[in-house]
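The structure appears below as structure tokens.
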């Protein structure tokens, strides 16, 4: 079973890869393909918001599907705001994250994933 599905537009994939690798290093099974089957089977879904993705109807559809299933976690790669209604849900601001274990927003994301996945993984 997939723990975390990451939904991002192609333009953001390179920036998201280190995040996926960091989650795998913490024991999560991560799927970077955002098809509906991956979203439905994942325990948590990270939607990546950026200047590239806010205009994407596909990103909004994936976020809506995850929100409807109560498994949405969001990250922001830049100051762009998530579109409505997703701007009402916290997005971890990871635009300046460079892999630091003590980054406040990274730790918030790890807490959210632990809650969604129902576990106590190493959050350090």
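Here are some notes:
- Mean shadow area of segment 51-124 over all directions, Cα convex hull, nm²: 5.2 nm²
- Virtual spin-label span in nm between residue 80 and residue 107, 7 Å along Cα→Cβ: 2.9 nm
- Take every pair of alpha-carbon atoms less than 8 Å apart whose residues are at least six positions apart; their mean separation over the length of the chain yields a relative contact order of 24 percent.
- Helical contribution to [θ] at 222 nm, DSSP H n ≥ 4, -39,500 (n - 2.57), averaged over the chain, rounded to 500: -11000 deg cm²/dmol
- Fraction of beta bridges assigned by DSSP in the chain that are antiparallel (%, nearest 5): 0 percent
- For percent of Cα pairs over 26 Å apart, calculated from these coordinates, the label among [x] 22; [y] 28; [z] 9: [z]
- Segment residue 24..residue 87, full-extension length gain: 20.0 nm, with 0.36 nm per residue of separation and the alpha-carbon distance subtracted.
- Label-to-label distance for residue 57 and residue 96 is 3.7 nm, based on points extended 7 Å past Cα in the beta-carbon direction.
- Site pair residue 1 and residue 41 shows an inter-label distance of 1.3 nm when each label is modelled 7 Å from Cα along Cα→Cβ.
Computed from the coordinates by the stated procedures, all read-outs in this text should not be read as laboratory data. Source: prediction; values computed, not measured. Note: ideal-geometry Cβ built from the backbone for every residue, glycine included; neighbour counts use all protein chains shown.
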